[in-house]
Structures are given as structure tokens and as C-alpha cells.
Amino acid sequence: MNDFSNFGWKFIKGFKDEYKTGDIRDGELVDIPHAPVEVPVSYFDEKDYQGIFTYAKEFKIDRIKDNEVAILTFEAIMVKARVYVNGVDYGEHVSGWVPLSLEIQKDLKEGENNIVVVVDSKEDENIPPFGGSIDYLTFAGIYRPVHLEVIPKTYFKNAYIHADSKGKIKISQEIVNPTKRDSINYQIFDGEKLVKSTKDAEFGIEKPHLWDTNDPHLYRLIIELNSENGHYEKEIKFGFRDVKFTEHGFFLNGQKLKLLGLNRHQNYPYVGPSLPKSAQEDDANIIKFDFGCNVVRTSHYPQSEDFLNRCDEIGLLVLDEIPGWQFVSKKASWRNNYYFFLREMILKERNHPSVISYGTRIDESDDDHDLYSKGYEIAHTLDPYRQTLGVRNYKTSECIEDIYAFNDFSGNSIYHGLDDPKSVKGGKGKPKLVTENNGHMFSTKYFDHADRRKENALRHLRVINDAYKYDDICGELGWCAFDYNTHKAFGSNDHICHHGVANIFRNPKESAYAFASQRDDKIVMEVINPPYVGDYSENLLHPLIVLTNCDYVELFKNGEFVKRFYPNKKDWLNLPHAPIYIDDFIGERFNEPQIKENIRGKIKDLLNIAATRGMASFTIKDYIKYGPAFLKSKMSMPEMGFLMGKYFSGQGLDVPNIWQVKGFKNDKEVTWKEFAPATKFHYAYKVSNNVLENKETYDVARVAISFLDEYENEAHYSQNVINFETAGPIEVIGPKQIAIIGDTSVYVRSKETKSPQKATLKIKTSLGVDTIEFGVK
Ligand code: GAL
């Protein structure tokens, strides 16, 4: 038996000598992944989680035979860990973002054993990214799962399969403790069908089903090793595909593809990165299926295998990256840790078809010829097939890497998204990629003013427009997917960088639709500045901007057709789907027989201008153009005010004031939205998964909570208090009572159970109690 698991670890802050043997009487029981310190969502001190923490696990195991080894693997511990096995010191190791594996059989005994892990999460200037300042946090803990495997003494590690679009396969692995009678066999499966079984490490298969972003088809490789010490096998999922960054763009399987995506920090509310598989998968799903991106950058460190596996499964391309942030140290220890991280990152990630390049240069760092030359060599030795990427925030620098990536923060919404790549002088003749933009240049809170949220979306859209305009640019990745916690020197003094296209709870901001509206696989239509006139200066009804992939939209007022509007290709020439501007709110329904026919057109325009730009904006030109018609109409100011109410605001009239926008594709109505003064409100919930499965560890679900009006629009500025209560084997992560503005989400985790059970989350609000049911297996 081997009852080692991620459940039921003893945990205590600090370390005392007697803990070495697992003697931790006052410890609390926790499950891995674990955050030693739960922080508030915002406003805390990054020193709060930096310290020493001790974890201990007692478990039973059968006698380990002479021809077996026991391998203990921590997928990640932040940042260093000293491990004791039954009191024997296994030394201190750096992990951070890469696995820590130890062979521990010599100190295990039949029956009861214990493992003690002393985590040191202090920022250490000998380890990247530390030494300078950093715009992200490195939360403490054993924050990814841990495994203990007992396997034959002769086993293999670092297996690597490369498979291309022609069906050519090349496999390698390193045999540990080889014997004279080792034999390796490779089996390739397509689903359950055996496609090939061979002893050759290089071979081909006919007409492979390719892996790509729309059809991420995965095969399975099973490597079997038979030796004098027994049989050992391992399965690796892989895909057949060709990836090439060129001077003229990015190609997947020979097809040009504009990379369009976002950067991701592995930062969830309260617990930093300490959430298991489902949460990691949920993030990949959001980026691909909600935001419609085809690429993500794991800024700025290697991320969880669960995240990457999901990217493989759903066809989300990945640019991964070495830990770092702007700073490069001259210290040998720091540089050795850079090489260590680089090696470990590539060994961990090179089988993922989704990973298209390695970011080998510390994000936005200065040139360092020696460091990066050696880094280049390490990367290409471990993986001769993938091009490396170097991200900088300036246009001239030495480019040792294969791809010159630059963070272009030059954008604004109206005129300019990206600089002409010709102005980038570094990396002559090399592929160009924009790895960041926007971010701190236009930090936008989820609960910011509507104008700012709109502007934020337009800035992202302008960058996308320019990424298409400059055909040779491989693509662009916006900064960033989700708001994240940061060091005190950054953010809004609240320890949050509000740079995400979604908040830290994963609720999308308007800017998410800049990306989502460019897709073709799903209808998207979002009005990023709803017509709540009181929300804007001067009570104006600004032209509505609709981010959509519809062919056109039609505007209706109280059910009456106003006008049809088409994408604004004039201002947004290069986008696959230009936004649609609704700038005429009277349209075809102008019916004022008292106004003479020859001046009706001018009066209608005059009313539209007054409603959308305001009277105060009238220029001499406007007076010259519309003045005579206005005088001829003999309209009094109150009469004009009445028409404004009738056609725009509804003020002074006892009728509903419902604006309806309908989206059409191929002349069929495919979606609609309506906006009107609201009086009735309700909560709505979206649950990422209702069945929580305890497997290697606990499971989580995200419940997105929206406060909506009767037209199903978010009551964006609502302020509510919510209480959570659970029954059954689940728990809420974070506080059980929260105050929110607008939408939020809550993460719920399962507890260990012996048999399947039902559980409920009760959400108590001023409107009553809602119950969400879960099954826990
Ligand atoms: C970049 C940096 C990112 C983040 C971003 C904020 O310079 O690479 O990590 O700090 O700025 O906009």
C-alpha cells in the first residue's frame, strides 16, 4: 500500500528542530495545494506571506524492494524547500515554478513514515526574479500537487517526443540505472487505436491527424521499458504540428496565423497560485472560449502542468517564460539559478504541442551577452525544434534569441495602436512579435467610470487593428488576462494591477470583448457604452459602440425600427470585425408632419447632434448649417425639448424607453440586447463545474455572481453584501462575507470524502437566499 496523498498534511508557521521528525503537535490539517497565508483581495503587505512554514505528512507504505525506487515530486514550492524523510535531511532545494524530485527509498521503511518540508518563501536575491523590483507576487507554499511513486529501479526520465506535420516522430529519454537487458518499446495510439508499435526512436506514421488551434487533436505515446528490474511505462500526450515564426509572420502547419492573445499571471484571489487543476483549466478555458484568444504567454514564469495540458486539449498556443522581471544579477548564484530554471522549464514543457516558443530572456531585461548566449545554447540543446523568444521593452538591443519580441506601450485609442515594426531596429531579419501593450498605460478598474472602460476596450482594439495592419508582425498579446496582486511599488496602492481584461475574480471587463469580437466561431455582441445617459457628462447619449462579429446591427426604440448600422471599416480598416457605431437615434422613424419636408432632414440631424454632442458643442459652422432650418421650423425651445424626450431620453413621457440592438449574421437575427431604465434586479450565477471530483487532490469550482436588471444587464455600480454558507463536503475559499461592487466570483473547494455526497452553497443577499448544488465524488 501507499497512502501518501495531497490530503491531510500538518501545517504550522515557522520551524523548530523537533519538527524535523514530524513532531508538530499544534499544526493544523491542510491539503495541497496550500497557501500558508490567505491575503485579502487588496491592501495588504507582501511581507505577510514571506517566511518559514513547515509541512509534515504521515503515510504508510509497503516495503520498498531492492529493485525499486521511491520518487517524491513536488510540482512547485515557493520558493525554496528543505525536505526531511523520517528525520533524514535531504537538503535545501530551489523550486519556485519548477518541480522538485527526490529519490527517497533508502530512508523509507515498511509501514509508518513521515516527510517534512520546510518552506522558505522569502525573496532571495540569489534566485530570479528577485534582486530588483518585481511587478507581481511570489506567494508562499506547496502550491502545486505532490506525488510519491514507487517504480522499478531502472526507469526513464526526461522523455521527449517531437512530431511534425508529415508524421515524422523522434523520441528520446534518459535511462536511470540501466541494466544489460533493457529494451524499449514505443506505442502510438490515436484514441484507443494502436497506430504503431516499434523499437525505433525515429519513425513515421501515414497521414497524421494534425494538431491545430481549431482541431487540437492529441495522440498518445506509451513508452515501455523492460529491464532486469521490471517493467516501467509512461504515457505522454502529443500532437503532430509544425510551428514557425518568420520575418513575415507566424505559421502553424504552413498556414499563416495572426497570434492574438493575452498574458496570464497565475494569481487567484486570497490564495495566490494555490488552486488545483480545475481552476487552472478554467483559466485556459476563459482565455480561449470566453475571450476568443489563440495564444497565451505564461508571464513571467513556468506555469502549472494542468494549465498547459488544458492548452493542449483546447488548442490554445503558449509562449512560456523563464522567471524574472527586468532585473539581471551579476551574482553567479543568481545566474546559475537562471540556467537551472531554463533547463527545468524546457524539460517540463517540451512535450506540449501548445508550447510554441520558450521565453529565454528575462522579461524586459538589459542585454547580457554571456547569460543569454548560454541560455540560447541550453534551450537549443534540450529542444532543437522550438525557436526562442526574447522580450524587451525597447526597439534596439542585441537579439541572441530567434524571435525579437517587444512590449509596445505606444498605443492610444483613436489614432495609434502599435508602432510600425520597421521602427524596431533590433533583431534585424528576425520574426517580430508584440508581447505586451496597454497594461499600466491605461490601468482600468472593473468598477471604473463607463468612459474609461470603453476607452480601455478601444485601446486594445486599436492594437489588434494594427497587429493586422502590419502584416509581418507575428501577432500581439495584450497585458493582461486577469488583474493580479503586486508589490507595493506598483498598482493603485491597493496591491492590485488593474491591467486585466477581467478582474481578479475572472469577470470580464469591456476590453475582453475587443478580443472576443474578432473571433468567428461564436456570436459576440457587446455594447461597451450602454445608453444610460446620466452616466456620462452632460447627460449625453454618446454614439453606441458595439463590439461584435455580426454583419450588421439594427436599432429599435420601444419596438419601433430606427436604423441599420454596419461595421465602421473606415476607422478600423484592418480588423476582421470592425466595431459598429450607432450614431443616429432617430433614423427612419422621424415623423413630424408639422415640420416642413424640405427642412426635416436638417432638424433631424440637429436633434441627433444635440443629443449626442450636447448643445454646448455647437460651432459657428453648425449654426450656419442648421440655424436657418431651425428658425424656419419656428420651433420653441420647449418644443425642441419635447422632441428630445420623444426620440432620445424618454424624459417627460410616460412610455418605456427601451433601446434594443439586434445583431444579424447572413441576414438572420442571431442575438439581441436591450437597455432601459431599470427597476427590478436579481442575482444570476454561472458555475464552472457542478461536480467536484477528489482525485489526486481536492477540486474547485468558480461560481460567477452577477447582479442584473430586468433586461439582463449588469447593474455595474451595485453595492451588495453577500454571505456564503456551505453544507456538505465543500468550503468557500476566502472570506465567507464579502462586499462587492458589480459582479464577482467565488471559488468553492471540495473536502475529502469517503463516498459520493451532495453539497450546497447558500448565497445570502438582501434579496434572499439562493442555493447552488454540487456533487462531491
Ligand atoms: C510591463 C511588464 C509586465 C507588467 C506590465 C504592466 O513592462 O513586462 O510585467 O509590469 O508592464 O503594464
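Rule-based calculations on the coordinates, nothing more; no lab input. From a predicted model like this one, the values you see are computed outputs, not experimental measurements. Neighbour counts are summed over all protein chains in view; Cβ atoms, including those assigned to glycine, are modelled from backbone coordinates with ideal geometry.
So which of K57/K80; K13/K80; K193/K244 end up more than 22 Å apart by C-alpha? Pairs exceeding the cut-off: K193/K244. Sorted ascending by nearby beta carbons within 10 Å, beginning with the fewest, S443, S365, S423, S42 become S423, S42, S443, S365. Counting other Cβ atoms within 10 Å as a rough exposure proxy, the listed residues R297, R452 run R452, R297 from fewest neighbours to most. Here the chain is treated with +1 on each Lys and Arg Cβ and -1 on each Asp and Glu Cβ, and its dipole about the Cα centre works out to around 1560 debye.
If the Kirkwood radius is taken over C-alpha pairs of the range 128-273, then at 20 °C and 1.002 mPa s the Stokes-Einstein diffusion coefficient equals 114 µm²/s.
The range 411-480 and the range 154-179 have their alpha-carbon centroids 40 Å apart. Over the range 377-527, the fraction of Cα-Cα pairs per 5 Å bin, rounded to whole percents and listed from the shortest bin up, is 2, 9, 17, 18, 18, 15, 12, 7, 2, 1, 0. In loop segments of the range 26-79 as defined by DSSP, the trypsin sites (Lys or Arg not before Pro) with at most 13 further C-beta atoms inside 10 Å of their C-beta are R63, K65. In plain terms, if you count all Cα to Cα distances in the range 1-154 and split them into 5 Å steps from zero, the share in each step is 2, 9, 19, 22, 20, 13, 8, 5, 2, 1, 0 percent.
Averaging Cα coordinates gives a centre for the range 555-603 and one for the range 58-92; these two points are 70 Å apart. One equal scatterer on each Cα of the range 19-99, no solvent, Debye formula: the resulting log10 I(q)/I(0) at q = 0.21 Å⁻¹ is -1.27.
How much FRET efficiency would the formula 1/(1 + (r/R0)^6) give for E710 and S410, where r is the Cβ-Cβ distance and R0 is 60 Å, rounded to 0.05? Approximately 0.90, to the nearest 0.05. In terms of Cα atoms, the Rg and Dmax of the range 256-337 work out to 14.4, 44 Å. Gyration tensor analysis over the Cα atoms of the range 515-645 returns equivalent ellipsoid semi-axes of 31, 15, 14 Å (largest first, whole Å). Applying a threshold of 30 Å to the alpha-carbon distances of K122/K330; K432/K665; K258/K445; K20/K153 flags K432/K665 as lying beyond it.
Take the chain and mark each of the chymotrypsin sites (Phe, Trp or Tyr not before Pro) that is in a DSSP loop with at most 13 other Cβ atoms within 10 Å; the longest unmarked stretch, sites excluded, is 44-384.
Bridgeable aspartates and glutamates around K425 (alpha carbons under 17 Å apart, same-chain partners fewer than 8 residues away excluded): E247, E364, D366, D367, E398, E401, D402, D408, D472.
Among all the lysines, which ones have a C-alpha under 17 Å from K331's C-alpha, if same-chain residues fewer than 8 places away are not counted? Filter leaves K374.
Between A678 and Y566, the modelled label-to-label distance comes to 3.4 nm, taking each label 7 Å out from Cα in the direction of the beta carbon. If the Kirkwood radius is taken over C-alpha pairs of the range 413-488, then at 20 °C and 1.002 mPa s the Stokes-Einstein diffusion coefficient equals 156 µm²/s. For the range 634-683, a Kirkwood hydrodynamic radius built from all Cα pairs, placed in the Stokes-Einstein relation at 20 °C and 1.002 mPa s, yields a translational diffusion coefficient of 158 µm²/s. Label-to-label distance, M441 versus E92, with points set 7 angstrom from Cα along the beta-carbon direction: 4.2 nm. Per residue, the convex hull spanned by the alpha carbons of the range 698-747 comes to 84 Å³. Projected over all directions and averaged, the alpha-carbon convex hull of the chain occupies 37.0 nm².
Sorted largest first, the principal axis extents computed over the alpha-carbon atoms of the range 648-752 equal 59, 38, 17 Å.
The simple spin-label model puts a point 7 Å past each Cα toward its Cβ; for R25 and R589 those points are separated by 7.8 nm.
Of the residues S227, M78, H440, the one whose Cα sits farthest towards the positive end of the charge dipole of the chain is H440 (charges of +1 on Lys and Arg Cβ, -1 on Asp and Glu Cβ, taken about the Cα centre). Taking only alpha carbon atoms, the range 207-298 gives an Rg to Rh ratio of 1.09, where Rh is the Kirkwood radius.
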